[in-house]
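Trainee: The structure's right below; bear with me while I get my questions together.
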Amino acid sequence: MLIAITRHVSPAIGKCELTHLERQPIDLAVARAQHRQYEAALKSLGVDVHPLPAEVDLPDSVFVEDIAIVVDEAAIITRPGADSRKPETESIAKALAPYRKLFYIQAPGTLDGGDVLTVRKDIYVGQSSRSNQAAIEQMGAFLASFGYTVKGVKVSGCLHLKSAVTQVAADTLLVNPAWVGKENFPGMKFIDVEPSEAYAANAVLVGKTVLYPSSYPKTRLRLEEAGIRLVIVEASELAKAEGAVTCCSLIFKV
Ligand code: CIR
């Protein structure tokens, strides 16, 4: 069975971190409605959703993906690259402790889960403004005994590695080649985003189905033409906080 840990949208979301986007007003009611729809979509795929209460003082705390990396054998609690996000770790560690042995990224390491793409036993980590070499080395040391290899990957132009590339089928990655090089992922097939839809590479693979935002119709068509089964969600309001669909859950097997 799959569990998803989520967290309700903070009333402080308007004060979120922004790196590549201009600040725009975020409608809390719309963001919450879209987030509920996202949770419902996960439930429709058989995922057991465990929502945590909103964190009033932590604007970005809905983006739980950044706070942990969960593999079958263990979980790593990150040390987020943005200082405003470091206090998000305590409650996520508590939520994961019943399910996994926990490892912790230590200073000077910084890591956001949005930079971590796991494909079977290969773990790719974006070398971004949020995640550094020290964290990549710590991850490698934690996970080597479970048979994982951890590799740093250069990204540019976007916040996280998973802004640029995510997995959409066992052997296929959805990629924006302007932000990450395909040569980093040997042995994989690729579907490119439509160049006019730069943010379209972020999708959540659940079993054989992909949860995908409604905002990228041209890339959506490419996915459908490749025979990928999609469940479409509205994610436009949290996109103003530079968050995408992977960011809003930590999904793992139990
Ligand atoms: C941040 O800058 O940290 C948030 N405003 C957005 C985080 C999005 N998370 C993700 O892509 N995994």
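The values are calculated or read from the model by the stated rules, or taken from the named source; none is laboratory data. Because the structure is a prediction, the values reported are computed rather than measured. Note that we place each Cβ from the backbone using ideal geometry, even for glycine, and neighbour counts take in every protein chain shown. These area figures cover heavy atoms from the full protein model, side chains too; ligands, DNA and RNA do not enter into them. Shrake-Rupley method; radii C 1.70, N 1.55, O 1.52, S 1.80 Å.
Trainee: Treating the beta-carbon of each Lys and Arg as +1 and of each Asp and Glu as -1, no other charges, what is the dipole magnitude of segment 156-254 about its Cα centre, to the nearest 20 debye?
Mentor: Using Cβ point charges on Lys, Arg, Asp and Glu, segment 156-254 gives about 260 debye.
Trainee: Still on this model: Amide H neighbours of Thr172 under 5 Å, at least 5 residues apart or on other chains, H built in the peptide plane: list them.
Mentor: Under 5 Å from the amide H of Thr172 lie the amide H atoms of Lys189, each far enough along the sequence or on another chain.
Trainee: Checking the table Lys162/Lys189; Lys154/Lys218; Lys15/Lys151; Lys15/Lys208 against a 24 Å threshold on Cα-Cα, which pairs fail?
Mentor: Lys154/Lys218; Lys15/Lys151; Lys15/Lys208
Trainee: Set Lys and Arg Cβ to +1 and Asp and Glu Cβ to -1, take the dipole of segment 2-253 about its Cα centre, and tell me which of Ala75, Ala170, Ala203 lies farthest positive.
Mentor: Ala170
Trainee: Please work out the average accessible area per residue across segment 17-163, using the 1.4 Å probe convention, and give it in Å².
Mentor: Details: 6450 Å² over 147 residues.
That works out to 44 Å² for each residue.
Trainee: Among residues other than Arg220 whose Cβ falls under 11 Å from its Cβ, what is the net charge (Lys/Arg +1, Asp/Glu -1)? Kindly include the intermediate steps, with their values, before the conclusion.
Mentor: Values: positive: Lys218, Arg222; negative: Glu194, Glu197, Glu224, Glu225.
Cβ neighbours under 11 Å give a net charge of -2.
Trainee: What number comes out for the charge environment of Val30, summing +1 per Lys or Arg and -1 per Asp or Glu over other residues with Cβ under 12 Å away?
Mentor: In short, 0.
Trainee: Carbon and sulfur together cover what percent of the accessible area of segment 130-226 at a 1.4 Å probe radius? Display every interim value, and only then the final one.
Mentor: Numbers: 2250 of 4130 Å².
About 54 percent, which is the carbon plus sulfur part of the accessible surface.
Trainee: Can you put Ser61, Ser236 in order of accessible area, largest first, using a 1.4 Å probe?
Mentor: These residues rank, largest area first, as Ser236, Ser61.
Trainee: Let me ask something else about it. Tell me, what % of the accessible area of segment 1-85 is carbon and sulfur with a 1.4 angstrom probe? Write out the running numbers ahead of the final one.
Mentor: Numbers: 1890 of 3670 Å².
It is 52 percent, rounded to a whole number.
Trainee: Something else: For a Förster distance of 25 Å, can you work out the FRET efficiency between the beta-carbons of Lys15 and Ser236, rounded to the nearest 0.05?
Mentor: Approximately 0.85, to the nearest 0.05.
Trainee: Rolling a 1.4 angstrom probe over the protein chains, ignoring ligands and nucleic acids, what is the accessible area of Ser44 in square angstrom, nearest 10?
Mentor: Accessible area, nearest 10 Å²: 90 Å².
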